[in-house]
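As structure tokens, the structure follows; a few thoughts come after it.
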Amino acid sequence: MTSSSSSSSSSSSSEEEETSPTTAPANTAATNPAHQDKIKSAIQSLSSILSSTLSSHDPSALYPPISALLHRSNSGTGDNNLCRWLYDTFQSSVPDLQLLVLHFLPLITGLYLSRIHNRKPQAGFEAVLLAFYAHEITLRAGQPVTATLPDLSHPSLYHESKTPPPSKNSTTDLNIAVVSPTLEPHGTVRSTRRARIVGVALELFYSKISSMPTESKVDFCEFCKI
């Protein structure tokens with residue numbers, strides 16, 4: 001009887017382990033057929049641009065060939081196929097594809113700013129930067145980015161105020177600092193807007209820095225030295 005009970009308990013336990021829910025996948029495209037189709041289509045289009053067969057959107061495999069094309073002298077023009085692909089892919093609204101395009105933001109920004117003195121059209125790069133800027137406008141929903149600063153005139157767990165403590169009925173005014181003001185929509189990049197648009201794009205990159213590959217971070221460091 002004891003062995004029978006033991007084996008029954010053991011099989012019951014194994015059944016519970018098999019039917020327990022699994023952890024949700026981090027890749028959203030894995031559970032969204034529409035996203036899978038868009039990713040497949042984007043990779044096929046990129047294969048024709050790179051003139052090579054690609055099997056996945058793995059950043060480690062895509063970064064070197066895309067980086068090489070971006071470094072070409074004509075990479076930022078309005079009729080550049082790679083810039084058009086980067087723009088269209090970011091506009092796909094597929095998180096995995098948007099993140100992939102964002103990997104190249106430091107390189108695009110560095111090349112774009114370093115070529116300004118040549119006074120050659122860079123409509124391709126500007127279109128991609130404007131796509132990043134417009135995406136950030138949508139995320140912020142017309143609100144500025146703010147931060148609440150501590151008011152040292154009020155006591156806290158870590159210090160005692162030199163001024164008399166406020167009465168219990170008084171309210172503490174919050175010191176709110178604007179980190180990034182409200183964004184205005186722009187359809188073109190002018191010299192007076194350039195720094196703002198590039199800066200907002202870099203803020204978007206920084207917000208995803210934990211998901212950026214090493215190559216992207218190295219390019220950002222190289223860009224900072226320019």
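The values are calculated or read from the model by the stated rules, or taken from the named source; none is laboratory data. The shown structure was predicted, so the numbers you read here are calculated from the model rather than taken from an experiment. As a convention, Cβ positions derive from the backbone with ideal geometry for all residues, glycine included, and neighbour counts pool all protein chains shown.
Values computed for the structure shown
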quantity: Among (1) free of Cβ contacts under 8 Å to residues at least 24 places away in the same chain; (2) more than 17 Å from the chain's Cα centre (by Cα) - the single one residue 93 does not satisfy; calculated: (2)
quantity: Cβ-Cβ under 9 Å pairs, at least 6 apart or on other chains, the stretch 166-188 side of a type in the set (Gly, Ala, Ser) and surrounded by 10 or more Cβ atoms within 10 Å (Cβ to Cβ), far side in a loop (DSSP other than H, G, I, E, B) and at pLDDT 80 or above; calculated: 180/144
quantity: Sole residue being touching an Asp or Glu at 6+ places or on another chain (Cβ under 8 Å) and either at pLDDT 95 or above or assigned to a helix (DSSP H, G or I) (or both), chosen from 41, 47, 67; calculated: 67
quantity: Flag if residue 109 is in a helix (DSSP H, G or I), β-branched (Val, Ile, Thr), within 12 Å of residue 42 (Cβ to Cβ) and in contact with a helix residue (DSSP H, G or I) (Cβ under 8 Å, 6 or more places away or on another chain); calculated: no
